[in-house]
Amino acid sequence: MIKIADKIAEAIRNHRPIVALESTIISHGMPYPQNVETALAVEEVIRANGAIPATIGIIDGVPIIGMTPEEISQFGQKKGIEKVSRRDLAEVMANGKWGATTVAATMILAAKAGIEFFVTGGIGGVHRGASTTFDVSADLQELAKTNVTVICAGAKAILDLKLTLEYLETMGVPVYGYQTEKLPAFYTKDSAYRVDKKIDTPEEIAQIIRVKRTFPLDGGVLVTNPIPDEYSLDPNLIEKTIVAAVEKAREKGINGKEITPFLLKEIANITEGKSLDANIALIKNNAALGAQIAKAYCDIRNKR
Ligand code: PSU
Ligand code: MN
């Protein structure tokens, strides 16, 4: 029921390092044409760092593992593509629709294809005000149960980072900081919160994942990678922007799956594109690290 591109299928057979990429960031996370340019550039960064990229999305009801550049380009321009998380997967497939996969849905499809690493910008989490709205992204549940390592720049401060960390701890998901002890907050290098452990090299992360997988201990791993210094935005400005965006969403009564894309667009508008530049820079940065971790992991596994 899924289509794996020939190149990816061959790489899986030969135990080569593969890095999955999501498609919600293309259709809902960035405007055209930056979305397509970024998606293709991120694939290039992964190749340059010794791994094979596999962008995942749903076309005419079929999950594609390893979209072609043409498919990515169509994805970035087509209007009305549905955002697909775990809940939406079967319906979109059954009805032959196009679907943009979130972190949760991309993890599911990657795992089914046998891909163990996945790079994105930011994960979903526990939203501000979740004690009354109950808005907790399905990404967190997926990290709890699906055997994929997700490399990201932390979570946007549109979320309640403290509650997000508590939730991940409860669900048994380790949160590692790449060369940092503080949880990166997407647009900013750090936050007030500590990660579970600082890790300094891709090899060190690969060793831990190797133990987790051979033991085995089910579930995901979260690697958080700070945005490069030169792109890091002013934390006060970001906080003000986010408070304004969250307030506007509340006034407009936006909720459910619409809220994250709405907040992302609002923030891009308020910061006049600065947030978009930051977003592009951090995902490329994550792609390099993700490829290095995938490669280090394959080196360990293939040695035995
Ligand atoms: N956070 C970002 N950029 C994104 C997303 C989250 O900074 O593009 C997307 C991802 O695809 C993530 C999804 O999996 O939003 C989470 O949506 P929700 O909160 O509805 O689960
Ligand atoms: Mn939600």
message: Return the pair list, or none, for Cβ contacts closer than 7 Å from residues in the range 15-36 that are farther than 22 Å from ALA206 by Cβ to residues that are polar (S, T, N, Q) and surrounded by fewer than 18 Cβ atoms within 10 Å (Cβ to Cβ), at least 6 apart or on different chains.
response: TYR32/GLN77
- request: Could you look through the range 133-151, keep only residues that are within 10 Å of ligand 1 (Cβ to nearest atom) and charged (D, E, K, R), and pick out the one that is modelled with the lowest pLDDT?
  value: ASP135
query: Among the residues of the range 76-107, which ones are within 11 Å of GLU22 (Cβ to Cβ), assigned to a helix (DSSP H, G or I) and among the hydrophobic types (A, V, I, L, M, F, W, C)?
result: VAL103, ALA104, ALA105, MET107
task: Please tell me if ALA39 is within 15 Å of ligand 1 (Cβ to nearest atom), over 18 Å from ALA104 (Cβ atoms), modelled with pLDDT of 95 or more and small (Gly, Ala, Ser).
output: yes
message: Could you check the range 249-270 and list, in sequence order, the residues that are out of contact with any helix residue (DSSP H, G or I) (no Cβ under 6 Å at 6 or more places or on another chain) and over 11 Å from ILE158 (Cα atoms)?
response: ARG250, GLU251, LYS252, GLY253, ASN255, GLY256, LYS257, GLU258, LYS265, ASN269
task: Kindly check whether there is at least one residue in the range 228-245 that is among the small types (Gly, Ala, Ser), surrounded by fewer than 19 Cβ atoms within 10 Å (Cβ to Cβ), farther than 22 Å from ILE108 by Cα and out of contact with any helix residue (DSSP H, G or I) (no Cβ under 6 Å at 6 or more places or on another chain).
output: yes
Those residues of the range 244-269 which are aliphatic (A, V, I, L, M), within 23 Å of the chain's Cα centre (by Cα) and away from ligand 2 (no atom under 16 Å from the Cβ), in sequence order: ILE267, ALA268
task: Out of LEU289, LEU263, LEU282, report the one residue that is modelled with pLDDT of 95 or more and within 11 Å of ligand 1 (Cβ to nearest atom).
output: LEU282
task: Working only within the range 149-194, note down all residues that are small (Gly, Ala, Ser), touching a residue at least 40 places away in the same chain (Cβ under 8 Å) and either touching a Cys at 6+ places or on another chain (Cβ under 6 Å) or over 21 Å from GLU22 (Cα atoms) (or both).
output: GLY172, GLY177
query: What strands (runs of 3 or more DSSP E) completely inside the range 12-65 contain at least 2 residues that are within 30 Å of LYS303 (Cα to Cα)?
result: 18-21, 52-59
statement: Within the range 85-112, the residues that are more than 23 Å from ILE283 (Cβ to Cβ) and β-branched (Val, Ile, Thr) are VAL92
- request: State all residues of the range 104-117 that are over 11 Å from ILE56 (Cβ atoms) and either in contact (Cβ under 8 Å) with a residue 60 or more places away in the chain or touching a Gly at 6+ places or on another chain (Cβ under 7 Å) (or both); if no residue qualifies, say none.
  value: GLY114, GLU116, PHE117
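The values are calculated or read from the model by the stated rules, or taken from the named source; none is laboratory data. Small disclaimer: the values here were computed from a predicted structure and weren't measured. We place every Cβ from the backbone using ideal geometry, glycine too, and count neighbours over all the protein chains shown.
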